Amino acid sequence: MWFFYASIPCLLIDGAAVLPAPQNLSVQSTNMKHLLTWSPVIVPGEVIDYSVEYQGEYESLYMSHIWIPSSWCSPTEDPECDITDDITATVPYNLRVRATLGSQTSAWSALKHPFNRNSTILTPPRMEVTKNGFHLVIELEDLGPQFEFLVAYWRREPGAKEHVKTVRSGGIPVHLETTEPGAAYCVKARTFVKAIGRHSAFSQVECVKVQGETLSLALALFAFAGFLLILVVVLFTIWKMGQLLRYSCCPVVVLPDTLKITNSPQKLVSCRREEVEACAMAVLSSEELFRAWS
């Protein structure tokens, strides 16, 4: 007898088949993502459609208890519905589902207790802690625009002070601190949702160690060698420019050999008077000059 009733897909009322309503409605909510699920209605060889409706506090108190079809699940063939976009306020929501097969519709099956998004389960965020040179960097998973992150970090040593930084969004690298060579730093984070005033537990602690002094010394020596090279080039350039300016503005004059005095000046002065008179220039008259020209 039990097998006989279990094999009947629909109930019979006054000789008419009635489609059974979905059962076992529940909401699974994690990190502000809300999924309504139910047990599927089984009719061999048939595909069942489902309709989902919700009713918030505003619809219940100010709009005469009207029900609003879900944005994504009216209708749907899956025995589940993502109602995240429908739950927009932190108030109780009533939810209901019914099955449809052709012209047949089942009765509505409602969630036993209203759902409030402040009951969502918040999990610690996934994070990646890296070092970029002497910078401590963290990247958190992107959980959506409603999420902020509280990041705690400290130097791993006795009595170290813990610092806290608020990160407004995930999915992008964020600089936490400029670290010291050879030191280790630890980080943990948790989510915070302002809309519901709740936060998750902290994630597991992750620690990284910054490169030690050996690399720092090598970088310092390399930088010093580069500074010396630049200094030598600058000094040589200044000296070369000075030489060019010197020869351009104050050139050295070299007399030709024909203008150089090779004999003693006293010998030039001691010329006899007769020789000087013999070398005097003769003045020609105009007639002699004309005859000489013709």
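Data for the structure
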{"read-out": "Scan of region 63-94 for residues that are aromatic (Phe, Trp, Tyr) and more than 23 Å from Ile196 (Cα to Cα), ordered by number", "value": "Trp67, Trp72"}
{"read-out": "Members of region 176-195 found to be within 13 Å of Ile138 (Cβ to Cβ) and either open to solvent by less than 50 Å² (accessible area, probe 1.4 Å) or assigned to a loop (DSSP other than H, G, I, E, B) (or both), listed by number", "value": "Leu176, Thr179, Tyr185, Cys186, Val187, Lys188, Ala189"}
{"read-out": "Any hit, region 146-164, residues being part of a loop (DSSP other than H, G, I, E, B), modelled with pLDDT of 95 or more, open to solvent by less than 30 Å² (accessible area, probe 1.4 Å) and not basic (Lys, Arg)", "value": "no"}
{"read-out": "Positions within region 75-101 being more than 37 Å from the chain's Cα centre (by Cα) and in a loop (DSSP other than H, G, I, E, B), in sequence order", "value": "Pro75, Glu77, Asp78, Pro79, Pro92"}
{"read-out": "Count - residues of region 123-132 that are in contact (Cβ under 8 Å) with a residue 60 or more places away in the chain and farther than 30 Å from Ile83 by Cα", "value": "3"}
{"read-out": "Qualifying positions in region 216-239 - open to solvent by less than 100 Å² (accessible area, probe 1.4 Å) and modelled with pLDDT under 85", "value": "Ser216, Ala218, Leu219, Ala220, Ala223"}
{"read-out": "Tally, over region 124-145, of residues that are surrounded by 14 or more Cβ atoms within 10 Å (Cβ to Cβ) and outside any strand (DSSP E or B)", "value": "5"}
{"read-out": "Condition broken by Arg168, with the remaining ones in (1) surrounded by 13 or more Cβ atoms within 10 Å (Cβ to Cβ); (2) closer than 30 Å to Asp85 by Cβ; (3) under 17 Å from the mean Cα position of the chain (by Cα) satisfied", "value": "(1)"}
{"read-out": "Filter result for Trp72 (part of a loop (DSSP other than H, G, I, E, B) and touching an Asp or Glu at 6+ places or on another chain (Cβ under 8 Å))", "value": "yes"}
{"read-out": "Residue that is nearest to Ser26 (Cα to Cα), among those in region 70-122 that are without any contact (Cβ under 8 Å) to a residue 60 or more places away in the chain, open to solvent by less than 50 Å² (accessible area, probe 1.4 Å) and of a type in the set (Ser, Thr, Tyr)", "value": "Tyr93"}
{"read-out": "Considering residues of region 15-34 that are aliphatic (A, V, I, L, M), at pLDDT 95 or above and assigned to a strand (DSSP E or B) only, the residue farthest from the chain's Cα centre (by Cα)", "value": "Leu25"}
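The values are calculated or read from the model by the stated rules, or taken from the named source; none is laboratory data. The model shown is predicted, which means the values in this text are computed figures rather than measured ones. Positions of Cβ are generated from backbone atoms using ideal geometry, with glycine treated the same way; all protein chains shown enter the neighbour counts. Side chains are part of the model used for accessible areas, which takes the heavy atoms of the whole protein and leaves out ligands, DNA and RNA. Shrake-Rupley method; radii C 1.70, N 1.55, O 1.52, S 1.80 Å.
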